[in-house]
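For reference, the structure discussed in these notes is given below.
The values are calculated or read from the model by the stated rules, or taken from the named source; none is laboratory data. Please read all numbers here as calculations on a predicted model, not as lab measurements. So basically every Cβ, Gly included, is an ideal-geometry build from the backbone, and we count neighbours across all protein chains shown.
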Amino acid sequence: MFFFILVVGFVIAATYYRHQLEAAYEEAGRRAAPIRSAILPFPQTYKEILLKYFPYYNRLNSSQQHAFEQKLLTFILSKKFIPRQFDAVTDEMKVMIGACAVQLTFGLPRVYLQHFSKILIYPTDYYSSLTKRFHKGEVNPAFGAIVLSWKSFVDGYIYPTDSVNLGLHEMAHALRLENIIHNDEYDFFDDALVEKFDAYAYQLCHLPQYADESFLRAYACANEHEFFAVAVENFFERPAEFKHALPELYETLTKLLRQDPLILNP
């Protein structure tokens, strides 16, 4: 009996330390991602995916594309991509999801959504045992995870002007949360601009004189986080219409994200 207990204890301890070692190795890999991305060549297969499927990248000049590639490689190397209900995450999935994050953060050079180290991917909409309903995507800061339905993510790029883009929407949630989570990327937004943006959101959603304003879909008024995410979708998919309909809000968002899709490559 003693020998059996000893063996079980050894197995438990070995498993625990193996998991600890794996976690430490993954963390070291994430920390080294900026150095690795500066040394490693950008894979040609990644570039081909961007050229084929990612219009934002194709609008950049050559030097901007190089900066985009380096930031994308850092993002991919610093995240753990986890398949759910299918076997393996493809390069196309990694590149497209990473490029979506880089599109949003391209004007914020030091921001890589550091807190969110895990990207969980489902093939289609998934059922949450917590909310008891189906989801297309979510951001879970407690577990440092961004969760996406691949089908819904792809739909966002198949229909590039309908102002519905799951990837941009969830990355916008992650970005706003990243700004208030204490880490190396903390507090990159100007507080005054955030307050100004939220003030516009309150006006559009609550004041009677703006009751007929319908440029942003109604879901934007659920709360300030959803307003930001929906605004980001429109910012990239309908920038000219956005600027015409809500010029002050559009201008504030250009300052927060430090880029303007209308003059992306002047």
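List of remarks:
- Cβ-Cβ under 7 Å pairs, at least 6 apart or on other chains, segment 122-135 side assigned by TED's automatic domain parsing to the domain that holds Ile82, far side among the polar types (S, T, N, Q) and loosely packed, with under 11 Cβ neighbours inside 10 Å: Tyr122/Gln85; Pro123/Gln85
- One residue alone among Pro247, Pro261 is at pLDDT 95 or above and touching a Pro at 6+ places or on another chain (Cβ under 8 Å), and that residue is Pro261.
- Strands (runs of 3 or more DSSP E) lying entirely in segment 132-221 (those with 2 or more residues that are touching a Leu at 6+ places or on another chain (Cβ under 8 Å)): 137-140, 145-149
- Answer residue from segment 160-199, given it is of a type in the set (Phe, Trp, Tyr) and modelled with pLDDT of 95 or more and is surrounded by the fewest Cβ atoms within 10 Å (Cβ to Cβ) among those: Phe188
- Yes/no for Leu73 being part of a helix (DSSP H, G or I) and touching a helix residue (DSSP H, G or I) at 6+ places or on another chain (Cβ under 9 Å): yes
- Every pair of residues 6+ apart whose Cβ atoms lie under 7 Å, when the first sits in segment 104-118 and is more than 22 Å from Glu237 (Cα to Cα) while the second is surrounded by fewer than 19 Cβ atoms within 10 Å (Cβ to Cβ) and of a type in the set (Lys, Arg): Ser117/Arg30; Ser117/Lys80; Lys118/Lys80
- Any hit, segment 227-240, residues being among the aliphatic types (A, V, I, L, M), touching a Leu at 6+ places or on another chain (Cβ under 7 Å) and either part of a loop (DSSP other than H, G, I, E, B) or surrounded by fewer than 12 Cβ atoms within 10 Å (Cβ to Cβ) (or both): yes
Residue-wise test of (1) within 24 Å of Tyr56 (Cα to Cα); (2) without any contact (Cβ under 8 Å) to a residue 12 or more places away in the chain.
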{"residue": "Ile181", "(1), (2)": "no, no"}
{"residue": "Val194", "(1), (2)": "no, no"}
{"residue": "Ser214", "(1), (2)": "no, yes"}
{"residue": "Ala222", "(1), (2)": "no, yes"}
{"residue": "Phe227", "(1), (2)": "yes, no"}
{"residue": "Val232", "(1), (2)": "yes, no"}
{"residue": "Lys243", "(1), (2)": "yes, no"}
{"residue": "Leu256", "(1), (2)": "yes, no"}
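- Any chance Asn265 is farther than 27 Å from Arg110 by Cβ and polar (S, T, N, Q): no
- Hits in segment 104-127 (condition: surrounded by 12 or more Cβ atoms within 10 Å (Cβ to Cβ), under 14 Å from Leu175 (Cβ atoms) and not hydrophobic (A, V, I, L, M, F, W, C)): Thr105, Gly107, Tyr112, Gln114, His115
Each row is one residue, and each column tells you yes or no for (1) buried (at least 19 other Cβ atoms within 10 Å of the Cβ); (2) farther than 14 Å from Met171 by Cα.
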site	(1), (2)
Asn61	no, yes
Ala67	no, yes
Leu73	yes, yes
Ser78	yes, yes
Phe81	no, yes
Ser129	no, yes
Lys136	yes, no
Val139	yes, no
Phe143	no, yes
